[in-house]
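The values are calculated or read from the model by the stated rules, or taken from the named source; none is laboratory data. Note that the coordinates shown come from a computational prediction; the quantities given were computed from them, not determined experimentally. Note that we place each Cβ from the backbone using ideal geometry, even for glycine, and neighbour counts take in every protein chain shown. Note: areas computed on protein heavy atoms with side chains; ligands, DNA, RNA excluded. Shrake-Rupley method; radii C 1.70, N 1.55, O 1.52, S 1.80 Å.
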Amino acid sequence: MGYNLLNKIIYIMGVSGCGKTTIGTLLSKQTGYPFYDGDQFHSLSNIDKMAMGIPLNDNDRIPWLNSIKEFAEKKVVDSSIIIACSALKQPYRDILSNIPFANCQFVLLQGAEALLLERLQKRVGHFMQANLLTSQLNILEIPSNALVIDIDQAPSKIVEQIIEELPITLSMQEFGLIGLGVMGKSLSRNFANNGFKLSLYNRYVKGKEEKVAELFVAEFPELENAKAFEDLTEFIQSLSLPRKIMLMVHAGEATDDIIEQLIPLLDKGDVLIDGGNTHYLDTEKRLARLSNLGIHFIGAGVSGGEEGALRGPSIMPGGSLEGYLLIQPFFEKIAAINNNGINCCKYIGEAGAGHFVKMVHNGIEYAEMQLLAELIQFLKVSGGFTNDLIALLLQPFLQTNKSSYLLEITIQILQKKREGQYLVDQILDNAGNKGTGSWTTIEAAKWGVPIPTLTAALNARFISSMWEERRQAAATMLTTTQKQPIDINEVMEAYQLCRIINHHQGFQLIEFVSKQQGWNINLPSLAEVWTAGCIIRSKLMEELKVLLSDSSNLLLHPSIVQQCNGAVDSLKQMLAIALATDLPMDCFSASAQYLFAYKQAESGASLIQAQRDFFGAHTYQLKEDPKGPFYHTNWQET
């Protein structure tokens, strides 16, 4: 094994009470050099003598010094190290520095005897007795080649002086990331490509997850300045203060487990970021706990998938504003930049705001995907179009306001073949659901905000999982399969109208909960975050960013009203054809019903209120005074 001639051994020396351990520990945190306390190498007999107040002699000290020297000789091969050792005489220092391939440097912490004695008398649980201070001062030989520092100043100032005077090239890493799954790896490469020095940690699981971080770092040239770890303590010690650590682990227990492991290792002022798809209420619980410990916590929604994480995702941080300001330069550097040159990372709001909007983003995403699935199925079943023809018909719309990332990849998917056959038609029609879509529907129901288009997309996924039953039903139940004439322009007008309704519902949910929680989420700013990098980026989102600056209620914006009025007949015609051919159109239908209900001045809810009052005396109000008193009627009286 070759030795690194640049590696240092920094001996923090001085009599008892001068602060060797305190300074060595703090210097380690600032430099990344591992710290070792020389006291741990004392023999039991040495410890017993000092505990009884008996000074050590050279016969006691020489074996102790040789043990430290042998240990240092092994450790310095891998990195520079820091050792606390009294090293009071020059012959002692000669032993400790007799390591030809290392650069040994001594730092003497010096102070007045009264100050040293005061510190020793306050120290609890140490074997070194205060009455031994005089004997140590008597044998102390001031080194001629050491850095001598007065201890009557703050430890942080002492460390600053050591770093400046020696000098020490800081080897600390700027940013840490835990969890090297697909997203964790892509984000790591993104950080590295933007010039950040990373520490990467992945757990060790024998036979399953071994040397994950090490192998990952070795695989990609951009990670040449990254450090890989399987030991969490070493990972933490490698990071500069305040530490900035991003968690990319599974939501739930896995996140709680890693946080529990981290808490004893972190310092006040450190920043912990959860970049997973976490429920916002879990984020708020963690934020409250860590805040009490002086640790900043950020719940950051990250969207863009594997490619987005690598090339520039949309990032939605929420939680500690003070903590966000510490990580802002890192996140803004790796985030997507939209067509107007605007960074797609914005502080969303306090508490769980970041994870809440990421949850709703995913709900909107569910519906956007389902609308495209229904659109393609409509063209196939009702129109009899082939995949290639559909791709050809949709391609021109990428140059219009209907363009989106999801439409773009759908066109590509339709043309992909496997063994001469369209791959998409070979994939089992059982759509997965990781939870965020369900959370969106549950939260909307909890807050009383209607989002039927988003919920329909979720239910469509649930129905898709019943694929065995659906095949049994298809074999026994009659289905109309008659082809109908299709106008692709009208179909796309109906599609765009449903997309507008979908986004309206999502933003309405965000606005309502933001007001209830006091988050003050800026909807135009949020829409801008979603204009690049994320899965739901689109020309429509770019338009909505502008429209939301005028009004948070998209469906009442004059330009949207005009689009609705112009496209509603196309939507009706499309649904009529689908109904005639027994074709389910979950999100198209839900969007239409929402629109019809939204613009209905007089609804059937009057009857529902009367029914509730009839059987439950729930009372009602009158149209002539909608904010007035409540009434109850005995409906059975003649």
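Here are some notes:
- Applying a DSSP loop filter and a limit of 15 other Cβ atoms within 10 Å to the trypsin sites (Lys or Arg not before Pro) in the range 159-239 leaves LYS206, LYS208, LYS211.
- Euclidean distance between Cα centres, the range 316-380 to the range 566-633, Å: 32
- Rounded is the label for the range 206-334, because the ratio a/c of its alpha-carbon gyration tensor axes (a ≥ b ≥ c) stays below 1.5.
- Loop-located GluC sites (Glu not before Pro) across the range 181-275 with a Cβ neighbour count of 10 or fewer within 10 Å are GLU224, with loop assigned by DSSP.
- Furthest towards positive pole of dipole, SER240, ALA456, ALA590, structure part the chain, Cβ charges: SER240
- The range 282-315 and the range 472-524: distance between their alpha carbon centers, rounded to Å: 28
- Compared with the dominant principal axis of the Cα atoms in the chain, helix 452-464 is inclined by about 80°.
- For the chain, calculated [θ]222 nm from helices alone, where every DSSP H run of n ≥ 4 adds -39500 (n - 2.57): -16000 deg cm²/dmol
- Nearest-ten-degree value, helix 280-292 long axis tilted from longest Cα axis of the chain: 20
- Surface composition of the chain: carbon plus sulfur atoms contribute 52% of the solvent-accessible area (1.4 Å probe, protein chains only, all chains present).
- Ordering of 88-96, 454-462, 278-286 by burial proxy (mean other Cβ atoms within 10 Å per residue, highest first): 454-462, 278-286, 88-96
- Given the alternatives [x] 1.37; [y] 0.99; [z] 1.31, Cα Rg over 2.2 N^0.38 Å as computed for this entry is given by [z].
- Chain lengthening between LYS74 and ALA445 when straightened (0.36 nm per residue, less Cα-Cα): 127.3 nm
- For the range 392-435 and the range 47-87, distance of Cα centres in Å: 68
- Charge dipole magnitude, Cβ of K and R +1, D and E -1 - the chain, Cα centre, debye nearest 20: 200
- Charge dipole (Cα centre; +1 on Lys/Arg Cβ, -1 on Asp/Glu Cβ; no other charges) of the range 1-120 amounts to roughly 240 debye.
- Counting only protein heavy atoms and using a 1.4 Å probe, the accessible area of ARG471 comes to about 110 Å².
- With all protein chains modelled, accessible area of MET183 [1.4 Å, Å²]: 50
- Accessible solvent surface per residue of the chain, calculated while the other protein chains remain in place, 1.4 angstrom probe, Å²: 48
- Nearest 10 degrees, 0 to 90: helix 605-616 Cα axis against the chain principal axis: 80
- Residue ranges 303-312, 432-441 sort as 303-312, 432-441 when ordered by packing (mean number of other C-beta atoms within 10 Å per residue, highest first).
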